[in-house]
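Reading through the structure tokens given below for one structure.
Coordinate-derived values only; no laboratory data. None of these values were measured; they are calculated from a predicted model. Cβ sites come from the backbone with ideal geometry, for glycine too, and all protein chains shown count toward neighbours.
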Amino acid sequence: MANEADQAAEAEEVFLRVSLLNAQADPNKLEVEPEGECLFCFEPLAKPRRWCDKSCMDDWQAAEDSAMRYGRKSPDKSVE
Ligand SMILES: [Zn+2]
């Protein structure tokens, strides 16, 4: 017999599995997790967001693209 904790754990597992599948299914989806801060300027953000706005996203994407092009060595950008 399933108690509430079991059901919660099960729901969480389904959620994780679905988000994993979604990430794999969409080749355009960026492989980055929300960190609780903007990935570009490190401004604190609410969890599901990864950038403050489109310009941060675009700049981050541009940096990411050039990092890919140059063989993705360790990022040494010191953006404060
Ligand atoms: Zn930002």
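In terms of modelled amide H atoms, which long-range or inter-chain residues lie less than 5 Å from the amide H of Glu37?
Leu45
Which order do the peptides 65-71, 34-40 take when ranked by the mean count of other beta-carbon atoms within 10 Å per residue, highest first? It would help to have the intermediate numbers written out before the result.
Numbers: 65-71: 9.3, 34-40: 17.0.
Descending mean neighbour count gives 34-40, 65-71.
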